[in-house]
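The values are calculated or read from the model by the stated rules, or taken from the named source; none is laboratory data. These numbers come from a predicted model, not from an experiment. For neighbour counting, all protein chains shown are included, and Cβ atoms are generated from backbone atoms with ideal geometry for every residue, glycine included. Remember, those area values only see protein heavy atoms, side chains included, never the ligands or the DNA or RNA. Shrake-Rupley method; radii C 1.70, N 1.55, O 1.52, S 1.80 Å.
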Amino acid sequence: MDKNFLMAIEISEGYTSVQSFQTSTEAFDEKKNSEQRDEYPIFIYDLSKQEYLWFDEDGPAYYETIAEDVIKKANR
């Protein structure tokens, strides 16, 4: 089964982890878990629909650049 849901998390300033999931539920569960670890989720993106399910609009401006780069690489 394809993993159609992407999530990026800022682990610490300047270090981002990208994960993929089969379902949006898995992605949102990991978002919640990462917040409990004091990490900073940036976005959850549906690759099949090419749309954000969630994006941290209150985060720093560079989150947009991270999101664009991650999604561009995933769509190659």
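Condition test on residue 70, is it in a helix (DSSP H, G or I) and in contact with a Leu (Cβ under 7 Å, 6 or more places away or on another chain)? It would help to see each step written out before you state the result.
On the way: in a helix (DSSP H, G or I): yes; in contact with a Leu (Cβ under 7 Å, 6 or more places away or on another chain): yes.
Against the criterion (in a helix (DSSP H, G or I) and in contact with a Leu (Cβ under 7 Å, 6 or more places away or on another chain)), residue 70 qualifies.
Restricting the stretch 6-25 to residues that are of a type in the set (Gly, Ala, Ser) and out of contact with any Phe, Trp or Tyr (no Cβ under 7 Å at 6 or more places or on another chain), which is farthest from residue 66 (Cα to Cα)? Working first, answer last.
First, pick out the residues of the stretch 6-25 that are of a type in the set (Gly, Ala, Ser): 8, 12, 14, 17, 20, 24.
Keeping just the survivors that are out of contact with any Phe, Trp or Tyr (no Cβ under 7 Å at 6 or more places or on another chain) gives 12, 14, 17.
Numbers: 12: 14, 14: 10, 17: 11 Å.
Per the criteria, the residue is 12.
Residue by residue through the stretch 62-76, note down the ones that are free of Cβ contacts under 8 Å to residues at least 12 places away in the same chain and open to solvent by less than 90 Å² (accessible area, probe 1.4 Å). Give the derivation first.
We begin by selecting, within the stretch 62-76, every residue free of Cβ contacts under 8 Å to residues at least 12 places away in the same chain; these are 62, 64-65, 68-69, 72-73, 76.
If the condition is that a residue be free of Cβ contacts under 8 Å to residues at least 12 places away in the same chain and open to solvent by less than 90 Å² (accessible area, probe 1.4 Å), then 65, 69 are the ones that fit.
Say whether the condition of being in contact (Cβ under 8 Å) with a residue 60 or more places away in the chain and outside any strand (DSSP E or B) is met by at least one residue in the stretch 52-61.
Applying the first criterion (in contact (Cβ under 8 Å) with a residue 60 or more places away in the chain) to the stretch 52-61 yields none.
No - not one qualifying residue is present in the stretch 52-61.
Within the stretch 26-50, restricting attention to residues that are part of a helix (DSSP H, G or I) and open to solvent by 90 Å² or more (accessible area, probe 1.4 Å), which residue is farthest from residue 64 (Cα to Cα)? Steps first, please.
Here is the first cut: in the stretch 26-50, the ones part of a helix (DSSP H, G or I) are 26-36.
Checking which are open to solvent by 90 Å² or more (accessible area, probe 1.4 Å) leaves us with 32, 36.
Values: 32: 20, 36: 23 Å.
Step by step, filter the stretch 26-50, then rank; the result is 36.
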